[in-house]
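Undergrad: Pasting in a structure now, in structure tokens, and then I'll have a few things to ask.
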Amino acid sequence: MELTKYICHRMPERSFFIKGHQFPVCARCTGFYTGLLVFLIWNCFFELHHDINTLLISMILMIPVAIDGFTQYFGPRESTNTIRFITGFIGGIGLIIFLKIIIRGVFNVLL
């Protein structure tokens with residue numbers, strides 16, 4: 001848990017617990033990492049087309065987590081761990097698709 005303090009706030013009220021033990025990251029980060037992992041496994045079996053439409057879709061998938069985070073941070077509402085996980089999951093999928101397209105594009109330009 002010491003290493004995760006650099007990548008997540010780990011606030012107990014915003015984290016999941018199993019049998020009294022807190023997850024090493026908050027609910028939103030748990031969703032992010034789960035989304036990343038699920039997409040990477042899915043991508044092993046199904047190829048993703050790397051075009052501008054997929055890039056736009058990846059950015060759209062990151063919007064819910066941004067809205068949830070900002071509206072919670074600036075106070076209009078309080079999010080729940082379930083919403084944090086779901087938006088993190090969706091955002092994690094969007095982020096990994098975005099990064100995959102950008103990194104592939106950079107390699108295509110360099111090579």
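The values are calculated or read from the model by the stated rules, or taken from the named source; none is laboratory data. Predicted model only: the values in this text are computed from it and were never measured. A quick note on method: Cβ atoms are made from the backbone with ideal geometry, for glycine too, and the neighbour counts reach across all protein chains shown. Accessible surface is based on the protein model in full, side chains and every heavy atom, while ligands, DNA and RNA are left aside. Shrake-Rupley method; radii C 1.70, N 1.55, O 1.52, S 1.80 Å.
Undergrad: From Ile67, Ile93, Ile52, Ile86, grab the single residue that is hydrophobic (A, V, I, L, M, F, W, C), open to solvent by 70 Å² or more (accessible area, probe 1.4 Å) and in contact (Cβ under 8 Å) with a residue 40 or more places away in the chain.
TA: Matching residue, one of Ile67, Ile93, Ile52, Ile86: Ile86.
Undergrad: Hey, could you check region 96-111 for residues that are in contact (Cβ under 8 Å) with a residue 12 or more places away in the chain and of a type outside the set (Val, Ile, Thr) and say which is farthest from Gly31 (Cα to Cα)?
TA: So, considering only residues that are in contact (Cβ under 8 Å) with a residue 12 or more places away in the chain and of a type outside the set (Val, Ile, Thr), the one farthest from Gly31 (Cα to Cα) is Gly105.
Undergrad: Something else now. Determine whether region 46-67 contains at least one residue that is closer than 18 Å to Gly31 by Cα, over 11 Å from the mean Cα position of the chain (by Cα) and of a type in the set (Asp, Glu).
TA: No - not one qualifying residue is present in region 46-67.
Undergrad: Looking only at residues in region 31-49 that are hydrophobic (A, V, I, L, M, F, W, C) and closer than 12 Å to Gly92 by Cα, which one is most open to solvent (accessible area, probe 1.4 Å)?
TA: Leu37
Undergrad: Same structure, new question: If I ask for residues that are open to solvent by less than 60 Å² (accessible area, probe 1.4 Å) and not small (Gly, Ala, Ser), which ones from region 96-111 would you list?
TA: Ile96, Ile97, Phe98, Lys100, Ile101
Undergrad: Since Arg28 meets every condition but one in (1) without any contact (Cβ under 8 Å) to a residue 60 or more places away in the chain; (2) part of a helix (DSSP H, G or I); (3) open to solvent by less than 50 Å² (accessible area, probe 1.4 Å), which condition does it not meet?
TA: Against the list (1) without any contact (Cβ under 8 Å) to a residue 60 or more places away in the chain; (2) part of a helix (DSSP H, G or I); (3) open to solvent by less than 50 Å² (accessible area, probe 1.4 Å), Arg28 comes up short only on (1).
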